[in-house]
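Quick note: the coordinates plus some simple rules give every number you see, no bench work behind them. What you see is a predicted model, and the numbers here were worked out from it, not measured in a lab. Heads up, the Cβs are rebuilt from the backbone with ideal geometry, glycines too, and the neighbour counts pull from every protein chain shown.
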Amino acid sequence: MSNMDPRTLRIRVENISTIPTIPSVLKQLSAIIEHPKISLNEISHFVSQDPALTTKVLQMVNSALYGFPGRISSVNHAVMLLGLNVVKGLLLSVSVFEIMHKAMIGLREHSIGVAVASKVLARKKGLKEPEEVFVAGLLHDVGKVILTLVWPEEYDRTVKEAEASGIAIFEAERSRFSETHAAVAGWLAEKWHFPRKLCECIANHHRPQISSLAPLETALVHAADVLVKARGIGYSGDSLVPEVNPGAWETLALGEADLREVLKELEDSVEQTAEEFRA
Amino acid sequence: MPRIPVEQLKPGMKLARPLLNSSGMVLMAEGTELTEARISKIENMGVDSVYIDGPSRPARPKEELLSALEERFRKVESNPQMTVIKKAVREHIEAMYE
């Protein structure tokens, strides 16, 4: 099914809630966060009704990654501290984490790695909302999960093709599906009313130069992705390190000391977080 | 910080991460020093292992990590920006074994 019509692809992706292979938690979540005017209370209420989701949200906010380890004991508190956008992203990530692991072994570790590296870089660059960049990192590859859920066999073949020919996974996706996981996740992020900057980071993480609202944030997620692949944390469908975008790398102007620090933080937090979510 | 199986815990070790129950409540804070009593409490909670303060060493030998690094970078050898990144990762890996 190469040369799939991009419109067909987009329609299927945007209607994931009607696809039988999509897990129910993701369907419910999609119904909840599709409302553009969802309030913090409604989100808290939704999360609190699902013990598994509650546990995962609390685990995530209490993990060392968020800077308040072990201090948050209610979903309400978590939602207030982190804000609606971060919580929406967090909910999507915790609900796809398990599927992520089944979809592609190592994708969860890769995503956590990119989230951590994005956040460390965002802090270094003095960004006001490093948490939002963290979420962008966590979700940047969620399109791979969606593609696997909707077209499991075709996606599996795509990964094998990329592996065999040494091309990047997004190139293999484009030749089979007409679009990449980044575009797929970008559509979903838009449909779910994620902040536009977050949508841009996700949709353009392979081509940061085309981001207009969030060029710096996109460059951060892009660089984080390359660094995590360079360190060899997790697996994302690419076994070779891709080239970093020259413009993005120049904008970030990272020195040797910066790289050392990012790699160190990556090492410390990825293992822990991955273990916490292994359950 | 290494993750130590419960049966290898000894009094005097310090928790590197807080110990949480399944709903995310803190049972023992980060930095708690273990005693015989606390170790048996941890055992009773059905926890397999906990994070303990101190350096942790990678499970795989250094040579293996370094040759995997070479392999991953084989398509971008001629790119000067990638050379900077590779050098940083190499030094980072080497530092983990010091």
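Sequence gap at least 6, Cα distance under 8 Å: using those rules, report the relative contact order of the range A:6-278 to the nearest whole percent. Before the final figure, lay out the partial values.
Numbers: 383 pairs, mean separation 59.2, N = 273.
For the range A:6-278, the relative contact order is 22 percent.
What residue among A:Asp225, A:Asp238, A:Asp50 has the largest mean-square fluctuation in a Gaussian network model of chain A, using Cα springs under 10 Å?
Highest fluctuation of the listed residues: A:Asp50.
If you take the square roots of the eigenvalues of the alpha-carbon gyration tensor of the protein assembly as shown and sort them as a ≥ b ≥ c, do you get rounded (a/c under 1.5), prolate (a/b over b/c) or oblate? Let's see the in-between values first.
Values: a/c = 1.66, a/b = 1.16, b/c = 1.44.
Here the protein assembly as shown falls in the oblate category.
In what sequence do B:Arg17, B:Arg60 fall when counting other Cβ within 10 Å, fewest first?
On the way: B:Arg17 23, B:Arg60 9.
Taking fewest neighbouring Cβ atoms as first place, the list is B:Arg60, B:Arg17.
Please list the non-local residues whose amide H lies under 5 Å from the amide H of B:Leu20, H modeled 1.01 Å from N, same-chain partners needing a gap of 5 or more.
Residues meeting the criterion, in which the H sits 1.01 Å from N, are B:Leu27.
Would you order A:Tyr235, B:Tyr51, A:Tyr155 from fewest to most other beta-carbon atoms within 10 Å of each residue's own beta-carbon? Spell out each step's value before the answer.
Numbers: A:Tyr235 16, B:Tyr51 21, A:Tyr155 25.
The fewest-first ordering by Cβ neighbours comes to A:Tyr235, B:Tyr51, A:Tyr155.
Mind jotting down the distance between the C-alpha centroids of the range A:223-239 and the range A:141-155, whole Å?
Centre-to-centre distance over Cα atoms comes out at 19 Å.
Compare A:Ser93, A:Ser111, A:Ser48 in a GNM of chain A, Cα atoms joined below 10 Å, and give the one with the largest fluctuation.
Of A:Ser93, A:Ser111, A:Ser48, the Gaussian network model singles out A:Ser48 as fluctuating most.
Under the rule a/c < 1.5 gives rounded, and otherwise a/b versus b/c splits prolate from oblate, where does chain B land using the Cα gyration tensor? Mind dumping the intermediate values first?
Values: a/c = 3.39, a/b = 2.84, b/c = 1.19.
Prolate shape, in that a/c is at least 1.5 and a/b is the bigger ratio.
If I take every Cα pair under 8 Å that is 6 or more residues apart in the range A:107-246, average their sequence separation and divide by the length, what percent do I get for the relative contact order? Walk me through the numbers before you get to the answer.
Numbers: 210 pairs, mean separation 41.9, N = 140.
Rounded, it is 30 percent for the range A:107-246.
Cut-off 10 angstrom, C-alpha nodes, Gaussian network model of chain B. Which of B:Asn44, B:Asn21, B:Asn79 fluctuates the most?
In the Gaussian network model the winner is B:Asn79.
Do the sum for chain A: with -39,500 (n - 2.57) for every DSSP H run of n ≥ 4, divided by all residues, what is the mean residue ellipticity at 222 nm, to the nearest 500 deg cm²/dmol?
-21500 deg cm²/dmol
For Cα pairs less than 8 Å apart in space and 6+ apart in sequence, what is the mean separation divided by the residue count of chain B, i.e. the relative contact order in percent? List each step's numbers first, then the result.
Details: 108 pairs, mean separation 29.4, N = 98.
Here the relative contact order equals 30 percent.
In degrees from 0 to 90, rounded to the nearest 10, what is the angle of the helix B:80-96 Cα long axis to the longest principal axis of chain B?
40 degrees
For a footprinting-style exposure proxy, rank A:Leu90, A:Leu213, A:Leu53, A:Leu198 by other Cβ within 10 Å, fewest first.
Numbers: A:Leu90 24, A:Leu213 13, A:Leu53 19, A:Leu198 27.
Fewest to most other Cβ atoms nearby, the residues stand as A:Leu213, A:Leu53, A:Leu90, A:Leu198.
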